[in-house]
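Visitor: Here's a structure for you.
The values are calculated or read from the model by the stated rules, or taken from the named source; none is laboratory data. Source: prediction; values computed, not measured. Virtual Cβ from ideal backbone geometry, glycine too; neighbours counted across all protein chains shown.
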Amino acid sequence: MRLGEKFLSGGSEASLFLLGQNRRGNWVVQEQGGRRGGLFVSRAAALKYALFENGNRPELVVAMPGHLELDLSVNAFPAAAAPAPAVADLPLAA
């Protein structure tokens, strides 16, 4: 971010954005916290929005495999607040 620039949201911190396609083929961008996002007709438009919203930081845009459905509800990412399990707690692959 350059001196004097502001995020569209007015915030001062860059956020992680998820980028993918929904079941209908539309491109979806959603902030990990679920507060911002949108549907787009092209990947380029979705990526442009994500970069604009996070202060042009491509390392904070993650392409999601599979389907990504837009959900801007309060409970969109309840697991984001929960701590990740320790590696020792994960089951071993068979």
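Rundown of residues vs (1) hydrophobic (A, V, I, L, M, F, W, C); (2) without any contact (Cβ under 8 Å) to a residue 12 or more places away in the chain, yes/no style:
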{"position": "R35", "(1), (2)": "no, no"}
{"position": "R43", "(1), (2)": "no, no"}
{"position": "A46", "(1), (2)": "yes, no"}
{"position": "F52", "(1), (2)": "yes, no"}
{"position": "P58", "(1), (2)": "no, yes"}
{"position": "A63", "(1), (2)": "yes, no"}
{"position": "L70", "(1), (2)": "yes, no"}
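Visitor: Could you grab me the full set of residues in the range 1-23 that are modelled with pLDDT of 95 or more and loosely packed, with under 15 Cβ neighbours inside 10 Å?
Guide: N22, R23
Visitor: Could you grab me the full set of residues in the range 21-70 that are among the polar types (S, T, N, Q) and assigned to a strand (DSSP E or B)?
Guide: Q21, Q30
Visitor: Does the range 33-51 contain any residue that is modelled with pLDDT under 95 and exposed (fewer than 15 other Cβ atoms within 10 Å of the Cβ)?
Guide: The answer is yes; a qualifying residue exists.
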